[in-house]
Structure formats: structure tokens, C-alpha cells
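A quick write-up on the structure given underneath.
The values are calculated or read from the model by the stated rules, or taken from the named source; none is laboratory data. Computed from a prediction, not measured in an experiment: that's the story for all the values here. Methodologically, a virtual Cβ is constructed for each residue, glycine included, from the backbone with ideal geometry; neighbour enumeration extends over all protein chains shown. Surface accessibility is based on the protein's heavy atoms, side chains included, excluding ligands, DNA and RNA. Shrake-Rupley method; radii C 1.70, N 1.55, O 1.52, S 1.80 Å.
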Amino acid sequence: MASIKDVAAAAGVSVATVSRVLNDHPSVSADARTRVLAAVETLGYRPNAVARSLRTDQTRTLGLVISDVLNPYFTELARSVEEEARALGYSVIIGNADERPDLQDHHVRTLLDRRIDGLLVSPTDGGSPLMLEAARGGTPMVFVDRWIPGVDVPVVRADGQSAVRDLVAHLYGLGHRRLAIIAGPAATTTGSERVRAFREALAEYGVPLPDAYIGQGDFQAESGRRVTEGFLDLPEPPEVVFAADNLMALGALDAVRARGLRVPDDIALAAFDDIRWFVHTDPPVTAIAQPTGALGRAAVRALIDRIEGRPPQSVTLPARLVVRRSCGARPAMNQTPVQRSTS
């Protein structure tokens, strides 16, 4: 690989002159600039980004710590972050926390040591001292999808409350009254928020959510399978299982099929976080879709605003319900419309 000394020798100038050309210094003559740039092109020279960062205090690099790279939602999020950052002249280094706070902290520490310009994080929980220290210590940071309450960091997220209400209205209209949820970790904002939205939506129709119908998952497929098996063993199993993320929904589907049951004939299934696979399952899965690409792009723009000294803004985008066949057929058109409880 060519060095800056090779460029200087090829152009017939000093190393200092090459450095001034690369940093667009106005003191270099037009002739010297032309020769240096020609040598750079011929030799395929690429400046050392780390060395340049020591001079400019910028690396043009962002860090992204996602909760689980195997989750299609976060895979799509990472892709949109990388594309938007590249379009704006930044590179992205990605760390996968695998839903583990210790791995999250490892990646945050490593990224900060590499002198990234800013950090995008989807926190695995809100209790990490390192995360709190980084957020409060001046590191340009944006939370995406999940956040840490009480920490003054911009948040880019989807609001799923309205979509959860639409889902419950859909399920109630189909005649379902025993509805259960596979919840995500209570330590995450999305885990607790989705349970609360589901409970409040059910209350609008006077439908209770018994403790037996709340299963604790961890946003992984195995927990969805385990919780669903518990639901199916109840004396009165639920008519619907709502999984609070896509991987837990796939685990739930596995559990139902392992019992020889059919969706939606024996039990209905719905999920938070729509994924492309859901249209290919049999039956296709009803799901709440987040605007994942838009969230990734908005998060990058908010972070770069913070890096470049502009006031960053939190962004909340709406999620939407995508109705498919996993919850049953729609009621006949001549049925009496469903009325929400006003009590």
C-alpha cells in the first residue's frame, strides 16, 4: 500500500506539501496541487483516517450498537443507518449486543476507544453505568428504537400505541375475548411499553388481561416457544397470542405446530415488528409494522446534527397494523359494529 512518502516522491514535492494538498490548504500552488492529486490517483493512496483524526479531532465514523443482529428488524435498521451515513460522508462500525448488557458495554467501550464521532444505541436495558456515563459525559449520542428514561439524549422511535389499539379492535371484532401477550424484557422500554399499550387497549373493550395471560419473554424465539407452551397448558388457553416481537412470534408458531394445532383455527397469532417472512408463513401473520428504514435514516441525521453543533430533535414515527390471515376471517358485513366500552 502506498504511503504519503511515496506520493511525495512521485509528485516531486515534500511530505508537508502532500499533507497540505490533502487537507485543502490554500498555500499550495496550482501546479503542485495537480501533481500531488495525480500521484494520489496513480498510486491509489488512501490517507490514514486515524492519523487524520488526531489532527482534526474527527474520524467521520459513527458507532451503532444494536440489540440483536439476528433479529430482522435490527438487521434492516442497521442497513438503513449505514446507507444514510454513507450518503452523508460517514462510515459506520456496528456492534451486536445479542440482548446482553455486558456485550453492549463492551461494544460501547470499544467504539469510544476508537474515537468515533458519535454513537447510535438501542439499549438492552437502562441500568448500564457505562451507557449512562457516556450519555452524560458529552459523547454525541442518539437512542434508536429503545431509550433510557431520564437521560437527556435524543430518541428516534416508533409509536406503536395506536397500532396496538387497532390490533385489539381487529381481534375483538373477530370475536376473540381471551387474549394473551408474550412480553419483552421489562427492563427495556419497548418491553414494558407494549404490555401497557395492550392492557390499555383491552380495557377499552372491557376485556381483562389476567396475569396468566402475560408471559415473560426476552425477544428471542426460544422464549416465544416456551411461553406459548405455558399458555397452551392452561385450563383455559387463550384464543390469541400476541408476541411483542417477530422472533418470539416465530417461536410461538413453532410451539403451536408442535402440538398439532392450526393457526388460526385452534389459536390466533399476531406479532409486533412485521418482517418479510410473515407473508410466506402459512397462514401469513398479522403484524404491527414499524417504519424501520425511516427510523434508521432519521437517527443518523439526528446524530450528525449533534456532532456538527446543530440542535438535535427527537423523532417519533407511527407504526401501523398489517392485517393478514393468522387471526381468522373478518366478520360478516351485516354484523353489528363493535362498540368500545365507555366505562
Of the conditions (1) surrounded by 13 or more Cβ atoms within 10 Å (Cβ to Cβ); (2) without any contact (Cβ under 8 Å) to a residue 60 or more places away in the chain; (3) in contact with a helix residue (DSSP H, G or I) (Cβ under 9 Å, 6 or more places away or on another chain); (4) assigned to a loop (DSSP other than H, G, I, E, B), the single one that residue 236 does not satisfy is (1)
Of the residues in the stretch 38-67 that are at pLDDT below 80 and part of a helix (DSSP H, G or I), the one that is least open to solvent (accessible area, probe 1.4 Å) is 53
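With the structure loaded, tell me whether residue 306 is touching an Asp or Glu at 6+ places or on another chain (Cβ under 8 Å), in contact (Cβ under 8 Å) with a residue 40 or more places away in the chain and among the basic types (Lys, Arg) or whether it fails that test.
no
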Over the stretch 102-113, the set of residues in contact with a Ser or Thr (Cβ under 8 Å, 6 or more places away or on another chain) and either modelled with pLDDT of 95 or more or open to solvent by 50 Å² or more (accessible area, probe 1.4 Å) (or both) is 112
Answer yes or no as to whether residue 215 is part of a strand (DSSP E or B) and either over 27 Å from the mean Cα position of the chain (by Cα) or touching a residue at least 12 places away in the same chain (Cβ under 8 Å) (or both). yes
Residue pairs within 6 Å by beta carbon, gap of at least six or interchain, first lying in the stretch 156-168 and small (Gly, Ala, Ser), second outside any loop (DSSP other than H, G, I, E, B), listed first then second, are 158/317; 160/288; 163/288; 163/320; 163/321
**Asked** Got at least one residue in the stretch 141-157 being surrounded by 22 or more Cβ atoms within 10 Å (Cβ to Cβ) and among the acidic types (Asp, Glu)?
**Response** yes
If you go through the stretch 90-107 one residue at a time, do you hit one that is of a type in the set (Gly, Ala, Ser) and farther than 25 Å from residue 272 by Cβ?
yes
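Quick grid of which residues meet (1) over 25 Å from residue 262 (Cβ atoms); (2) outside any helix (DSSP H, G or I):
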{"site": "149", "(1), (2)": "yes, yes"}
{"site": "156", "(1), (2)": "yes, yes"}
{"site": "165", "(1), (2)": "yes, no"}
{"site": "170", "(1), (2)": "no, no"}
{"site": "181", "(1), (2)": "no, yes"}
{"site": "195", "(1), (2)": "yes, no"}
{"site": "229", "(1), (2)": "no, no"}
Apart from one, (1) more than 25 Å from residue 250 (Cα to Cα); (2) assigned to a helix (DSSP H, G or I) all hold for residue 92; the odd one out is (2)
Of the residues in the stretch 183-193 that are assigned to a helix (DSSP H, G or I) and of a type in the set (S, T, N, Q), the one that is surrounded by the most Cβ atoms within 10 Å (Cβ to Cβ) is 190
Output for Cβ contacts, cut-off 8 Å, separation at least six or different chains, first residue within 14 Å of residue 292 (Cα to Cα) in the stretch 309-323, second open to solvent by 80 Å² or more (accessible area, probe 1.4 Å) and outside any loop (DSSP other than H, G, I, E, B), reads none
Of the residues in the stretch 76-89, those that are of a type outside the set (D, E, K, R), open to solvent by 70 Å² or more (accessible area, probe 1.4 Å) and part of a helix (DSSP H, G or I) come to 87
